[in-house]
Amino acid sequence: SRATDCRRTDCRATDCHGTAREAPAIVRGRLRSARAKKHKISCARSLEQDILIFVPAETSAEGEEARESPSDAVVRLRALAHPLRWKLMDVLDAEGTATATRCAQLTGESVASCSYHLSMLAKYGYVEPAPPEGRERPWRMASREQDLSAPEGDIAAALASEEATEAFLEHEFERIRSRRRTIDLEPVEWRKASLAGGSTMWLTAEELEGIKGELLALFHRYDDRLDPARRPEGCRLARLFVASAVNPAPQRQA
């Protein structure tokens, strides 16, 4: 089965999202009205998080699985179970560097709260101090890749991994919902280029692994554009989000 988001402006089919689409002019009017009513909502919704999230087994340069104690894994993963910390990483990735004061401006949280959670992210290696700017103390991402995996066979770490993954997914889904609510305000070329969809297929584990590799390669295709000088005219920040999972194995009848 496949589900794709129909972007035809004249489409009123009842199988598009299950209900008939309203005329674009009506949608845009309602969106503008809703946005006017919610002008106090934090502008963090408009920020980009360009951080690649993946869940592989960690390996060393020699190819052997890197060792991490269960207690270290639990605290590392629990550090990402707080929703504000994902917003703060959004800010740092979008801004390059940011102080707690700047983070507070963009998230709507207090400076004290942002400062505390940035310190916690730094404690577990997710962010680090950036070169000081006068008396300011800016922060930056320590890495653009985060690992949400847990050591094999450790129940406490597995639960912490689940909590961190849930926080990430909720943060990601809210971003998707926010973007879909305002997509009709974008120019037609960006509406055509945007997509929300899914596909279910019969695959072997090796084939699913191959698809994952192809998608990860796409994520890195334009890494050179982290340098502003290499960005072509007309390009904008865009978000790609993918997820794959196998259906639970059917239980055998006794």
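Shape descriptor for region 121-254: Rg over Rh equals 1.02 (Cα atoms; Rh from the Kirkwood inverse mean 1/r). For Ser115, Ser143, the sequence from fewest to most other C-beta atoms within 10 Å is Ser143, Ser115.
If you put +1 on each Lys and Arg Cβ and -1 on each Asp and Glu Cβ, how big is the dipole of region 143-254 around its Cα centre, in Debye rounded to 20? Show your work: numbers first, answer last.
Working: 16 positive and 21 negative charges, 151 e Å.
In debye, rounded to 20, region 143-254 gives about 720.
Which FRET efficiency, nearest 0.05, do Ala205 and Thr182 yield, Cβ-Cβ r, R0 45 Å? With a Förster radius of 45 Å, E is 0.70.
Any read-out appearing in this document is the output of simple, stated calculations on the displayed coordinates, not a laboratory observation. Computed from a predicted structure; not experimentally measured. Quick reminder, even Gly has a Cβ in these numbers, built from the backbone with ideal geometry, and neighbours come from all protein chains shown.
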